[in-house]
Amino acid sequence: MTEPGLLIIISAPSGTGKSTLCRKLISNFPSARYSVSLTTRAPRRGEVQGKDYFFVSKNEFKQKIKRDELAEWALVHGHYYGTPKDFLKRNLLRGKDVVLDIDVRGAMKLKKKYPQAIFIFLAPPSFSELERRIKWRKRNSEATIKKRLTNARWEMGRIGSYDYLVINDRLVDAFTQVKSIIVAEKSKVNRSEEKIKKLNLI
Ligand code: 5GP
């Protein structure tokens, strides 16, 4: 038997550097897999179908909900986003750790279904710094900036529901902190049943 993998849920307001951090995690933990979400939003320049997201129509997304193929889903900034259930279950059963980059609403839905998951909130050093970062992304329109900031304020008000808070001031420090959290969680006795058996105590 293999120990089930760790479900690692990372939420952060947009502009916090979450995607970069998640990518770094996947390349540093050979046993970790990134859960590619489904979304109804249009791809941004450079985004690849099946790698960054599965870009689908609203109709396709609704079919997935109907067929109960999503572990969770949420409407974020006017678009649907969801986590494919099959990938999640399959990898956890095989002992692979799965990293999810999802919003606060989706994370709270998973908290009920997967109480053993770990919930990490990645926050900017301050709200004004986040505002600066979002405005600096020139492709964002005024309306988008306003919507993202309102949502960010709401999301940051939900930090209390998470297990860990990591401040992303410098990416390398935030990464070290997240890595330490994962290593510590994986060493917990209540996640080590198989390792204990292998100690051959009897
Ligand atoms: P973006 O469009 O900037 O890539 O993502 C917008 C927001 O949607 C981010 O907060 C991201 O974490 C969230 N998101 C991405 N995938 C999922 C998902 O599968 N489920 C939920 N609930 N949120 C997601």
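The values are calculated or read from the model by the stated rules, or taken from the named source; none is laboratory data. Treat the numbers as computed from the prediction; the structure is a model and nothing was measured. We place every Cβ from the backbone using ideal geometry, glycine too, and count neighbours over all the protein chains shown. The area values use the complete protein model at the heavy-atom level, side chains included, leaving out ligands, DNA and RNA. Shrake-Rupley method; radii C 1.70, N 1.55, O 1.52, S 1.80 Å.
Quick notes on this one:
Let's see how each residue does on (1) farther than 25 Å from Ser35 by Cα; (2) among the basic types (Lys, Arg):
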position: Met108; (1), (2): no, no
position: Arg148; (1), (2): no, yes
position: Arg158; (1), (2): no, yes
position: Tyr164; (1), (2): no, no
position: Glu185; (1), (2): no, no
position: Glu193; (1), (2): yes, no
position: Lys198; (1), (2): yes, yes
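- Among residues of the range 165-183, those that are open to solvent by 60 Å² or more (accessible area, probe 1.4 Å) and closer than 19 Å to Leu92 by Cβ, counted: 1
- Looking only at the range 104-139, and only at residues there that are at pLDDT 90 or above, within 14 Å of the ligand (Cβ to nearest atom) and assigned to a loop (DSSP other than H, G, I, E, B), the one that is most open to solvent (accessible area, probe 1.4 Å): Tyr114
- Some residue of the range 30-47 being in contact with a helix residue (DSSP H, G or I) (Cβ under 7 Å, 6 or more places away or on another chain) and away from the ligand (no atom under 13 Å from the Cβ): yes
- Verdict on Lys66 being exposed (fewer than 15 other Cβ atoms within 10 Å of the Cβ), more than 13 Å from the ligand (Cβ to nearest atom) and either without any contact (Cβ under 8 Å) to a residue 24 or more places away in the chain or not acidic (Asp, Glu) (or both): yes
- Among residues of the range 24-49 that are open to solvent by 70 Å² or more (accessible area, probe 1.4 Å), those with a beta-carbon under 6 Å from a residue that is among the polar types (S, T, N, Q) and not in a loop (DSSP other than H, G, I, E, B) at least six positions away or on a different chain give the pairs Arg33/Asn91.
- Selection within the range 184-202: residues that are part of a helix (DSSP H, G or I) and either on the phi > 0 side of the Ramachandran plot or surrounded by 13 or more Cβ atoms within 10 Å (Cβ to Cβ) (or both). The member of this set that is modelled with the highest pLDDT is Glu185.
- Qualifying residue in the range 70-91 (condition: touching a residue at least 60 places away in the same chain (Cβ under 8 Å) and more than 12 Å from the ligand (Cβ to nearest atom)): yes
- Filtered by the rule that a residue be surrounded by 12 or more Cβ atoms within 10 Å (Cβ to Cβ) and away from the ligand (no atom under 13 Å from the Cβ), the range 50-63 gives Glu60, Lys62, Gln63.
- Answer residue from the range 144-159, given it is open to solvent by 80 Å² or more (accessible area, probe 1.4 Å) and modelled with pLDDT of 90 or more and is nearest to Phe121 (Cα to Cα) among those: Arg158
- Test for Asp97: is it surrounded by 12 or more Cβ atoms within 10 Å (Cβ to Cβ), away from the ligand (no atom under 12 Å from the Cβ), under 30 Å from Glu3 (Cβ atoms) and under 13 Å from the mean Cα position of the chain (by Cα): yes
- Residue in the range 42-64 that is within 23 Å of Met156 (Cβ to Cβ) and of a type outside the set (Asp, Glu) present: no
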